[in-house]
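**Q** A single structure is presented below for examination.
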Amino acid sequence: MFGKPEFAVILENSKISQIQVLRGAPCGATRKASQQILGLSVEDALEKIGLKTQFFCVADPAAWDPLYQKSKVHIAADIHRAALLKAIK
């Protein structure tokens, strides 16, 4: 239930008509962000899922990861975008 994000997506006319969170962040960011992209085109949804995840993420944005050269919030955004792209494909 919690862990690396995983989505199930239904598209209608290249827009996200339904999205289900199969696995998400324990803080709830995955569920909250997924509801914000309903009705968006695939292109817009892929752009916005990361940003919306950052808004709801409770990780410290100042905590810089020296290995990835990003904050934990930015890493979470990238991971959510990749999970959405996988679900769309």
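The values are calculated or read from the model by the stated rules, or taken from the named source; none is laboratory data. None of these values were measured; they are calculated from a predicted model. All Cβ positions, even for glycine, are placed from backbone atoms using ideal geometry, and neighbour counts span all protein chains on display. All accessible areas refer to the heavy atoms of the entire protein, side chains included, with ligands and DNA or RNA removed. Shrake-Rupley method; radii C 1.70, N 1.55, O 1.52, S 1.80 Å.
**Q** Determine which single condition LEU38 fails, assuming it passes every other condition in (1) loosely packed, with under 15 Cβ neighbours inside 10 Å; (2) assigned to a helix (DSSP H, G or I); (3) at pLDDT 95 or above.
**A** Only one criterion is unmet by LEU38, namely (2).
**Q** Take the conditions at pLDDT 95 or above, in contact with a Lys or Arg (Cβ under 8 Å, 6 or more places away or on another chain) and either surrounded by 12 or more Cβ atoms within 10 Å (Cβ to Cβ) or not acidic (Asp, Glu) (or both) and apply them to ALA87. Does it pass?
**A** no
**Q** Determine whether region 1-19 contains at least one residue that is among the charged types (D, E, K, R) and open to solvent by less than 70 Å² (accessible area, probe 1.4 Å).
**A** No - not one qualifying residue is present in region 1-19.
**Q** Suppose the filter is assigned to a helix (DSSP H, G or I), without any contact (Cβ under 8 Å) to a residue 60 or more places away in the chain and not polar (S, T, N, Q); does ALA82 pass it?
**A** Considered against the rule, which asks whether it is assigned to a helix (DSSP H, G or I), without any contact (Cβ under 8 Å) to a residue 60 or more places away in the chain and not polar (S, T, N, Q), ALA82 comes out as yes.
**Q** I'd like the full set of residues that are basic (Lys, Arg) and either in a strand (DSSP E or B) or touching an Asp or Glu at 6+ places or on another chain (Cβ under 9 Å) (or both), limited to region 1-31.
**A** LYS15, ARG23
**Q** Please determine, by comparing only the residues of region 20-35 that are of a type in the set (S, T, N, Q) and open to solvent by 80 Å² or more (accessible area, probe 1.4 Å), which one is nearest to the chain's Cα centre (by Cα).
**A** Across region 20-35, the extreme among qualifying residues is GLN35.
**Q** Checking GLU43 against (1) loosely packed, with under 14 Cβ neighbours inside 10 Å; (2) over 11 Å from ILE88 (Cβ atoms); (3) not hydrophobic (A, V, I, L, M, F, W, C), which test does it fail?
**A** (2)
**Q** For the condition in contact with a Lys or Arg (Cβ under 7 Å, 6 or more places away or on another chain) and among the hydroxyl-bearing types (Ser, Thr, Tyr), what is the one hit in SER41, SER34?
**A** Exactly one residue qualifies, and that residue is SER41.
**Q** Looking at (1) outside any strand (DSSP E or B); (2) surrounded by fewer than 14 Cβ atoms within 10 Å (Cβ to Cβ), can you tell me which one THR53 breaks?
**A** Here THR53 meets the rest and fails (2).
**Q** What number of residues in region 48-77 are modelled with pLDDT of 95 or more and charged (D, E, K, R)?
**A** The total comes to 2.
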